1. Could you grab me the full set of residues in the range 1-29 that are over 22 Å from the mean Cα position of the chain (by Cα) and part of a loop (DSSP other than H, G, I, E, B)?
2. Give all pairs with beta carbons closer than 7 Å in which a residue from the range 1-13 that is without any contact (Cβ under 8 Å) to a residue 24 or more places away in the chain meets a residue that is surrounded by 13 or more Cβ atoms within 10 Å (Cβ to Cβ) and not polar (S, T, N, Q); count only pairs at least 6 apart in sequence or on separate chains.
3. Only residues that are part of a loop (DSSP other than H, G, I, E, B) and more than 11 Å from Ala152 (Cβ to Cβ): list them for the range 125-140, please.
4. Only one residue in Pro232, Pro220, Pro226 is without any contact (Cβ under 8 Å) to a residue 24 or more places away in the chain and under 27 Å from Arg30 (Cβ atoms), so which one is that?
5. Within the range 58-67, is there a residue that is over 23 Å from Ala10 (Cα atoms) and either assigned to a helix (DSSP H, G or I) or within 15 Å of the chain's Cα centre (by Cα) (or both)?
6. If you go through the range 148-155 one residue at a time, do you hit one that is polar (S, T, N, Q) and either in a strand (DSSP E or B) or under 18 Å from the mean Cα position of the chain (by Cα) (or both)?
7. Output the number of residues of the range 198-225 satisfying the condition of being crowded, with 16+ Cβ neighbours inside 10 Å and part of a loop (DSSP other than H, G, I, E, B).
8. In the range 212-244, what residues are closer than 16 Å to Glu161 by Cα and touching a His at 6+ places or on another chain (Cβ under 9 Å)?
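Just so you know, all these numbers are worked out from the coordinates, no wet-lab data involved. Nothing here was measured: the structure is a model prediction, and the numbers come from that model. All Cβ positions, even for glycine, are placed from backbone atoms using ideal geometry, and neighbour counts span all protein chains on display.
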Amino acid sequence: MFTRSPRAWAFPPLAAQDVEQFPVQRERQRLAAVVAHAMYLLNLASADDRLWRRSIDTFTDEIERCARLGIDRIVIHPGGAGASTPEQGLARILAGLTEVIDRTSGAAVVVLLEITAGTGTQLGHSLKQLAWLIDHHPRPDRLGMCLDTAHALAAGYPLHEPAGLSRLLDEIDARLGLARLGCVHLNDSLKPFASRVDRHARIGQGYLGRDFFARLLAEPRLFGIPKILEVPGGDEAFRDDLRLLARLARRASSAGA
């Protein structure tokens, strides 16, 4: 969910009534986990000081919103380097994250760095880059990772291969530790392996295919980790794809038995 508009810098503060009602409605809806997503305009890798500063201030506000609502994790795209080198962009992200975490030191909110497709100058398209940011941060306990299945395939991780998911999880464990994997975005990919193009597709209607999602749902290392659909098509598509995932999960369970 978004705690504010994802496409506008200006947004009103949280209303006291919303803060009061959110945990009530969460329990009423029986939501086992809630994950926030940062707004799309943020760019902590930007060399533009005005945009970089605005991104830091806005992301700080988003984490504070999460803390008030009782949301314990928020996903963010690391950012795009623009005309800067990848190394300069990563250093910029690290500095921004350091300030944000310092300013929200009392918030029990983990920042999940989402793996990206690597389009253009987008950073965070490799586990090596994500691990560098976490390893060099003074508060690595406040950082984790979000795995987006479509992004990972487009970035060059061969999840379409039968052993691709297992190998990716092995690398996540080696570089970051699986305990840092705080969320999975379930998306098929409209574009092929290593395309570096971020285009989501409905479950089973892209280059990952149904068999991949059956393997993912049967993977014990992913049990208990929140999995969130980000497919196109609106509410009807979400309902249909949730039903499909339930069938795939049952199929995987039957095969395992």
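1. Of everything in the range 1-29, those that are over 22 Å from the mean Cα position of the chain (by Cα) and part of a loop (DSSP other than H, G, I, E, B) turn out to be Ala10, Phe11, Pro12, Pro13, Leu14, Ala15, Gln29.
2. Phe11/Arg4
3. Answer for the range 125-140, where residues must be part of a loop (DSSP other than H, G, I, E, B) and more than 11 Å from Ala152 (Cβ to Cβ): His136, His137, Pro138, Arg139.
4. Pro220
5. Checking the range 58-67: not a single residue is over 23 Å from Ala10 (Cα atoms) and either assigned to a helix (DSSP H, G or I) or within 15 Å of the chain's Cα centre (by Cα) (or both).
6. For the range 148-155, residues polar (S, T, N, Q) and either in a strand (DSSP E or B) or under 18 Å from the mean Cα position of the chain (by Cα) (or both): present.
7. The total comes to 9.
8. Residue satisfying the conditions is Phe212 alone.
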